There are 2 protein chains.
Amino acid sequence: MDSRSSSLEHATEHPRWATIEDVSARRTPNPSSRRSGATLADVAQVVGVSARTVSRVVNGEGGCTPATRDRILAAIEEVGYRPNLMARGLIRRRSDTIGLIAAEMLDPFFPEFAEGVQRSADSLGRTMFLASSNTDRERQASALMSLRGHGVDGVIVFPAGDSADDLVAMAADGLPIVVVNTEIDAPGIAVVSADIVGGAELAVEHLISRGRRRIALLIDEHARTLQTPSRREIGYRSALAASGVAFDPLLVVETNNSLEGGRQGARKMLAASQPPDAVFAYNDVLALGAMQELLSSGVRVPDDIAIVGFDDILMCEAVTPRLSSVRIDRDLLGHGAVEQLQALIEHPEHRVEPRRFPVDLVVRDSS
Amino acid sequence: MDSRSSSLEHATEHPRWATIEDVSARRTPNPSSRRSGATLADVAQVVGVSARTVSRVVNGEGGCTPATRDRILAAIEEVGYRPNLMARGLIRRRSDTIGLIAAEMLDPFFPEFAEGVQRSADSLGRTMFLASSNTDRERQASALMSLRGHGVDGVIVFPAGDSADDLVAMAADGLPIVVVNTEIDAPGIAVVSADIVGGAELAVEHLISRGRRRIALLIDEHARTLQTPSRREIGYRSALAASGVAFDPLLVVETNNSLEGGRQGARKMLAASQPPDAVFAYNDVLALGAMQELLSSGVRVPDDIAIVGFDDILMCEAVTPRLSSVRIDRDLLGHGAVEQLQALIEHPEHRVEPRRFPVDLVVRDSS
DNA sequence: CTGAAAGCGCTTACAG
DNA sequence: CTGAAAGCGCTTACAG
């Protein structure tokens, strides 16, 4: 006689088959196992059918009397049965989940992208799990391992660091991967990106059309040390060249990627023998820092120096003067990433063509 | 003769036990199963030991000859074995993962909190998975179900909507839950929060000390319709009362929670017969919108109207004048949430006392 | 329409 | 130090 039977004695009104009380009793003796709720077998036992039949109802496979179906549904409700997705994933070899690895959650660019991914995943019946690498390659690797180990069907990643070796290895190992705003050509990896070069060109062309000729490039020093030249710098140079404006290395100002970095950059510009008449910034945070410093130094924006940022974060609208910026539709980019991933998951043998999204220039008061 | 044996024929140089080639060959025939990499059994077969022994090495349980250990480690490397965390979680009844459910990823408050949670989880050897409810109770419920179904050991959640019924139900069902900035008293639920009332008091006391008496409360209309009165309003009123300043309902301005809402609120204030001489805003986004509108209307900040926001987001530093704000240490709050959750996971039977973190007032140029 | 059997990849008691 | 057996909770072929 174990604790189950003693518990059964209280359930005298329930005659034939096992009851809710049994099921909870089964779990009561060991409080540490409280975590695992009712199982398929529990539901089956309550109703008096096989687990297979309950499984059919849970998965809406049909092939089942409405009567038993209703009883099973009622029992599921009663015992609070929820499928164990680990068990299901183990056997189905797919979990209907995808992973998203942020390089830097604090980047204002990121949350809106993540929202797009989530909404898009939702509409495909998938759950998105987000992890962050904090721009650390080791953490990226462990996030990747963890996500994969937990059975995600694929991963969207903002690559951390300079090398993509681990991503390539993971993809070769059978994990579908989509990289964002990064050029990688490897089997099992698809690419989605915004047309950053084109965006930079738009910004600089715009400044030139406003009569500016000494256009500074305020750039994240980190981005400039990467092996691949910054796409913003490529666009900056090509727009200058297209208009016959000479490239002046003295107008490239490197700084650290922060508000204060933007301020420092502005101070450097003002200290130069020939200050610029416009600034194209690597991103909006740098642009906002620079603008603040210029304003507090008595420089008029845009009259003396015009400014254009990159990303079009919410705060562009909040400052005075409002900041012009290159807008990336992050929501759309998120959707595109999910679509690429879905294609990769469904056809692992196909090559998925890179997808690039156009960007806009939003002209406001700062230029 | 199946495809395996034919593949084995090529591996003539490898005599005794199964080799890497076999393992990959086993998977090659069916491309769709590429996803599942090498298993414990594969490694065992390659080395010529039992799965149990490989398991011991993988988990560092010791009790194993250094020689076999090395051979197993080498084989793991060779075949690229990675543990299937779903299988492990199924049997261990814990996954060493926790879930975090955001109400709104786009809220500037959130990412920094999430970073704190992630770092803290990391240091405990846990992986954090983030999902979002988009302030939708149904999506919160499905995120909760999904996370739970995938075996997370507990969940930290920013509750969506007005009722906590589903959270209470989930907790009763055995899922440890920590709620953030919300008062819920139920078994299995722990609370972590910032002292929002105290923060509001600090802000209003500060404005009073600056000689302001007509202090507007610019508040998210949504927050005001919740059943529980906004803690910011409670603090606002108590600070007024403490200084003997009469509460004037006309100074409470409701608006939607956005930059534009902040601007609209400011317009309402200016249109009043007696405009305020200070604004205490529900959050920084509202404060920034209001400040922008006031400045563009020729109001001097802080001379004519002082402004204090709430949350201390990065952009408080980026605007001119810099915005004073109530600072919540989001990183610390994230750590606290993980600690509470850990306590709940380790002692499901204990009641975990609510934990409240103090907040600061950061006085800048706007007040 | 329903069920008995096998197994996903791993770990937990046990034995040797 | 090492292994054979059982089983976590589910689904996938099969039979009836």
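The values are calculated or read from the model by the stated rules, or taken from the named source; none is laboratory data. Please read these numbers as outputs of a predicted model, since none were measured by experiment. Counting neighbours? That spans all protein chains shown, and the Cβs are built from the backbone with ideal geometry, glycine included. When the accessible area is computed, the model is the full protein with side chains, heavy atoms only, and any ligands, DNA or RNA have been set aside. Shrake-Rupley method; radii C 1.70, N 1.55, O 1.52, S 1.80 Å.
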Residues that are of a type in the set (G, A, S), at least 3 per element: which helices (runs of 4 or more DSSP H) completely within the stretch A:46-139 meet that? A:66-79, A:109-123
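Any residue at all in the stretch B:261-284 that's of a type in the set (A, V, I, L, M), closer than 27 Å to B:L100 by Cα and either under 25 Å from the mean Cα position of the chain (by Cα) or at pLDDT 95 or above (or both)?
So far as the stretch B:261-284 goes, no, none of its residues is of a type in the set (A, V, I, L, M), closer than 27 Å to B:L100 by Cα and either under 25 Å from the mean Cα position of the chain (by Cα) or at pLDDT 95 or above (or both).
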With respect to the numbered conditions (1) more than 21 Å from the chain's Cα centre (by Cα); (2) open to solvent by 10 Å² or more (accessible area, probe 1.4 Å), which one is the sole condition not fulfilled by A:G235? (2)
Residues of the stretch A:247-268 satisfying the condition of being surrounded by fewer than 19 Cβ atoms within 10 Å (Cβ to Cβ) and assigned to a strand (DSSP E or B): A:V252, A:E254
Please pick out the residue among B:I219, B:I177, B:I215, B:I184 that is touching a residue at least 60 places away in the same chain (Cβ under 8 Å), outside the structural domain of B:G235 (by TED's automatic domain parsing) and aliphatic (A, V, I, L, M). B:I177
Can you tell me which residues in the stretch B:24-44 are at pLDDT 80 or above, more than 11 Å from DNA strand D (Cβ to nearest atom) and open to solvent by 30 Å² or more (accessible area, probe 1.4 Å)? B:T39
Among the residues of the stretch B:298-348, which ones are within 13 Å of chain A (Cβ to nearest Cβ), in contact with a Phe, Trp or Tyr (Cβ under 9 Å, 6 or more places away or on another chain) and open to solvent by 10 Å² or more (accessible area, probe 1.4 Å)? B:I313, B:D331
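Residue by residue, here is whether (1) open to solvent by 10 Å² or more (accessible area, probe 1.4 Å); (2) more than 8 Å from chain B (Cβ to nearest Cβ); (3) among the polar types (S, T, N, Q) holds:
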site	(1), (2), (3)
A:D107	yes, yes, no
A:G116	no, yes, no
A:L144	no, yes, no
A:H150	yes, no, no
A:P159	yes, yes, no
Condition first: in contact with a Gly (Cβ under 7 Å, 6 or more places away or on another chain) and hydrophobic (A, V, I, L, M, F, W, C). Now tell me which residues in the stretch A:267-298 satisfy that. A:A281, A:V285, A:L286, A:A287, A:L288, A:A290
Collect the residues in the stretch A:84-96 that are at the interface with another protein chain (Cβ under 7 Å from one of its Cβ atoms) and buried (at least 17 other Cβ atoms within 10 Å of the Cβ), keeping them in residue-number order. A:N84, A:L85, A:M86, A:A87, A:G89, A:L90
Tell me which residues, restricted to the stretch B:66-106, are among the β-branched types (V, I, T) and within 15 Å of DNA strand C (Cβ to nearest atom). B:T68, B:I72, B:I76, B:V79, B:I91, B:T97
Pull up the stretch B:42-65, narrow it to residues that are of a type outside the set (A, V, I, L, M, F, W, C) and over 20 Å from B:A87 (Cα atoms), then point me to the one that is nearest to DNA strand C (Cβ to nearest atom). B:G63
Are there any pairs, at least 6 apart or on different chains, whose C-beta atoms fall under 7 Å, with the first in the stretch B:73-91 and over 25 Å from B:H150 (Cβ atoms) and the second near DNA strand C (Cβ under 8 Å from one of its atoms) and part of a loop (DSSP other than H, G, I, E, B), and if so, which? B:V79/B:A38
For B:R52, work out the one condition from (1) modelled with pLDDT under 50; (2) within 16 Å of DNA strand D (Cβ to nearest atom) it doesn't fulfil. (1)
If I filter the stretch A:45-83 down to residues being open to solvent by 30 Å² or more (accessible area, probe 1.4 Å) and among the hydrophobic types (A, V, I, L, M, F, W, C), which single residue comes out as farthest from the other protein chains (Cβ to nearest Cβ)? A:A67
Quickly run through the stretch B:75-101 and pick out the residues that are out of contact with any strand residue (DSSP E or B) (no Cβ under 9 Å at 6 or more places or on another chain) and within 11 Å of DNA strand D (Cβ to nearest atom). B:N84, B:M86, B:A87, B:R88, B:L90, B:I91, B:R92, B:R93
For A:I177, state whether it is out of contact with any Ser or Thr (no Cβ under 8 Å at 6 or more places or on another chain) and either of a type outside the set (V, I, T) or crowded, with 16+ Cβ neighbours inside 10 Å (or both). yes
Can you tell which of B:A271, B:A278 is buried (at least 21 other Cβ atoms within 10 Å of the Cβ) and more than 16 Å from A:A318 (Cα to Cα)? B:A278
